[in-house]
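Nothing in this text is a laboratory measurement; each read-out follows from the coordinates by a stated rule. The structure displayed is predicted, hence computed values, not measured ones. Methodologically, a virtual Cβ is constructed for each residue, glycine included, from the backbone with ideal geometry; neighbour enumeration extends over all protein chains shown.
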Amino acid sequence: MLKSLTGTVSVVVGAGMVYIGAFTQELFGACSSETLACALETTHWDAVGITILGLIAISFGGWLLWKQIYIARVFASAKMGRWK
């Protein structure tokens with residue numbers, strides 16, 4: 001149960017971080033020329049970092065939830081098999 005709660009909290013916090021990093025703040029500023037140098041100069045690296053951390057938190061939480069669902073299914077199938 002604790003892992004499920006941890007996974008859910010991780011997904012929610014990660015989604016919030018991605019929202020803040022990618023949508024509230026601009027990842028890339030406006031460039032008059034479409035060059036890599038301009039994109040690198042106008043990139044807001046703090047927003048990129050927050051977005052990456054948020055994506056990592058979402059994937060970690062999803063992995064924890066997936067494991068808990070798998071374990072619950074194994075226990076349920078073992079319990080049902082015992083009653084047949």
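Summary table below
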| item | result |
| --- | --- |
| GNM result for the chain, Cα springs below 10 Å: residue of L27, L40, L65 fluctuating most strongly | L40 |
| Sites V9 and T42, calculated FRET efficiency, Cβ-Cβ separation with R0 30 Å, nearest 0.05 | 0.30 |
| Theoretical gain in end-to-end length, S77 to F28 [0.36 nm per residue, Cα-Cα removed] | 12.7 nm |
| Among G49, G29, G21, residue whose mean-square fluctuation peaks in a GNM of the chain (springs only between Cα atoms under 10 Å) | G29 |
| Along each principal axis, Cα extent of the chain, largest first, Å | 71, 21, 13 |
| Of I56, I71, I20, the one that fluctuates the most in a GNM where the chain has Cα springs shorter than 10 Å | I71 |
